[in-house]
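Structure, as structure tokens:
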Amino acid sequence: MSGADGPGRPLGLDTLVHLGRRQPPSAPVRRLPVPAGMTVPLGCDAVAVPDRLGPLIVPRLPRVGCVYTDGARWWWIVPSDSDYALPWPAPALYAPGALVPGAARLIHRPEGTVPYTPPIPLYLALCRVTGTTPEWSRPLSA
């Protein structure tokens, strides 16, 4: 890697700090608020899909948990670590801690006290509407 200190030399700490400060500020993030009276015993992450896909996914789910919209995406509350060994297909966005850019409003609240949409059915529904083969169905490369 070539750095400011010359070709083939690693970047110095001062250079890295300077480059980090030149990064454009990221959009502020906010945690999706869990409705009053609901608990998150399994933690809380979120999966976003473009808003055009949301209505196609809903009828494919056995249970729809809390769903939010920010005007461009629908955000689904899932248990923490629902991305463990499960790469969500594009165009999905996975947000650990349910920290999302900007503000989102609640558009669906389920009955009961937990806000979760089951992650595996959500993953499969997303694969289906996007024409993506689920990760575990893909052939292994040699």
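Assorted remarks:
- Rounded to whole numbers, the Karplus 3J(HN,Hα) couplings from phi for the stretch 103-116 are 10, 9, 10, 6, 10, 8, 10, x, 6, x, 10, 10, x, 7 Hz, using 6.51 cos²θ - 1.76 cosθ + 1.60 with θ = phi - 60°, and x at Gly and Pro.
- Shown are R128, R60, whose ranking by accessible area with a 1.4 Å probe and every protein chain present, most to least, is R128, R60.
- On full extension, the segment bounded by L99 and R31 gains 24.1 nm, given 0.36 nm per residue less the C-alpha separation.
- Per-residue HN-Hα couplings for the stretch 43-53 [Karplus 6.51, -1.76, 1.60; θ = phi - 60°; Hz; x = Gly/Pro]: x, 8, 10, 9, 10, 10, 10, x, 4, 5, 8
- Phi-based couplings in Hz for the stretch 60-74 (Karplus 6.51, -1.76, 1.60; Gly and Pro marked x): 8, 9, x, 8, 10, x, 5, 10, 10, 10, 10, x, 10, 9, 9
- For H108, distant residues with modelled amide H under 5 Å away: V67
- Global form of the stretch 49-125, assessed from the alpha-carbon gyration tensor, a/c cut-off 1.5: rounded
- Full-stretch length increase - E111, T133 - with 0.36 nm per residue and alpha-carbon distance subtracted: 4.8 nm
- Under-5 Å amide H pairs with V100, H placed in peptide plane, nonlocal only: R30, R31, L32
- Solvent-accessible surface of the stretch 24-90, averaged per residue with a 1.4 angstrom probe and all protein chains in place: 53 square angstrom.
The values are calculated or read from the model by the stated rules, or taken from the named source; none is laboratory data. Since this is a predicted model, take the numbers as computed values, not measurements. To get the accessible areas, we keep the full protein, side chains included, count just its heavy atoms, and leave off ligands, DNA and RNA. Shrake-Rupley method; radii C 1.70, N 1.55, O 1.52, S 1.80 Å.
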